[in-house]
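The values are calculated or read from the model by the stated rules, or taken from the named source; none is laboratory data. Just so we're clear, the structure is a prediction, and the values are computed from it rather than from any experiment. In this analysis, Cβ positions are derived from the backbone assuming ideal geometry, glycine residues included, and neighbour counts consider all displayed protein chains. The accessibility values were calculated without ligands, DNA or RNA, using every heavy atom of the protein model including side chains. Shrake-Rupley method; radii C 1.70, N 1.55, O 1.52, S 1.80 Å.
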Amino acid sequence: VPEVLAGIMDVPPATLDEPLAELLAHQVLDPPGLRGLYDYRHQLLRDTLYRSLSVKERRRLHARAAEFGRDLEGASEIHASLHYERAGMPGHAFRAALHGAREAARLSAHREAFGLYGRAVDNMPPDLSLIEQAGLLEAYSAEAAAIEENEASEMAAVRARDRYRAAGDGVGAVRMLLYCLGIARREARPLDERRTAVGVALDELHGLRDGAATTAVRGGLMLEAAFVSLDGMDLDAAAEAVEAAEAAAREL
């Protein structure tokens, strides 16, 4: 869009008429369509021109694109956060990505939320508290699990668990084990391994202060215990575990 391009370049829009006409004449660009949008005739042209820029100039233009690109139809925090990241502005990239990720998750746009949370994690400010880091990683793990990115989900859960423990949040640390147990179930890991992991999590939860968060995690762990028992065809143990999970749900 010439008006947006002029903003990025910091020049009056009228000064682009002649250069755009020259690029059209040399078939670098396709003629604008119904919405007045110009595009490269071939993406290799775009990539070659992009690589011809110095790193400093790329960063400057990415920063401008993040600011003025919001005026483009269909633009979102996804585009802005990417431009900020490539501009070497991690603080701006983090805020834009986190805002976009939360909105995408609210709309159940899990693939978009996964990408944006990943960018937010990559650009976490160094002064972010341990609890905030843990919460961000937990959200990233949840969105990864929602689109079957099992390895990414488990790695984020492990990182979140470390931060919850360092922050003194024992319940949060155990809750991350629930994420790992869910991945282990999806990947059909050995029953003994899963059964042991449930026991370790329950032992770790034992003795922590009672409350809604503790009860919720206990209920989730009993459901995982039920899945393990069902997979092992121990139906009596599965029924007991489901009853314990239901009791936790009623308590909540």
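Given in Å, the Rg to one decimal and the Dmax to the nearest whole number for the Cα atoms of the range 171-252 are 12.0, 34.
A full extension of the chain between residue 108 and residue 196 corresponds to an added length of 28.4 nm, given 0.36 nm per residue minus the alpha carbon distance.
Any chance you could give the angle, 0 to 90 degrees and rounded to 10, that helix 110-122 forms with the longest Cα principal axis of the chain? With rounding to tens, the tilt is 80 degrees.
Within 14 Å, Cβ to Cβ, of residue 165, how many net charges do the neighbouring residues add up to if Lys/Arg are +1 and Asp/Glu are -1?
Net charge around residue 165: 0.
The charge dipole of the range 1-70, taken about the Cα centre with unit charges on the Cβ atoms of Lys, Arg (+1) and Asp, Glu (-1), comes to about 440 debye, rounded to the nearest 20.
Distance between the 7 Å Cα→Cβ label points at residue 243 and residue 35: 6.0 nm. Summarised in one figure, the compactness ratio Rg/Rh of the chain, Cα atoms and Kirkwood Rh, is 1.16.
Given a Förster distance of 22 Å, report the FRET efficiency between residue 51 and residue 28 from their Cβ-Cβ distance, rounded to the nearest 0.05.
About 0.90, to the nearest 0.05.
Taking θ as phi - 60° and the Karplus parameters 6.51, -1.76 and 1.60, the scalar couplings of the range 151-160 work out to 5, 5, 4, 5, 5, 5, 5, 5, 5, 5 Hz in sequence order, x denoting glycine and proline. Under a Gaussian network description of the chain, with springs only between Cα atoms under 10 Å, the residue in 77, 57, 148 that fluctuates furthest is 57. At an R0 of 41 angstrom, the distance between the Cβ atoms of residue 9 and residue 122 translates into a FRET efficiency of 0.90. Estimated purely from DSSP H runs of n ≥ 4, each contributing -39500 (n - 2.57), the mean residue ellipticity at 222 nm for the chain is -23500 deg cm²/dmol once divided by its residues. In this view, the solvent-accessible surface of residue 169, computed with a 1.4 Å probe and all protein chains in place, comes to about 50 Å². Heavy-atom accessible area for residue 193, with the other protein chains in place and a 1.4 Å probe, reaches approximately 90 Å².
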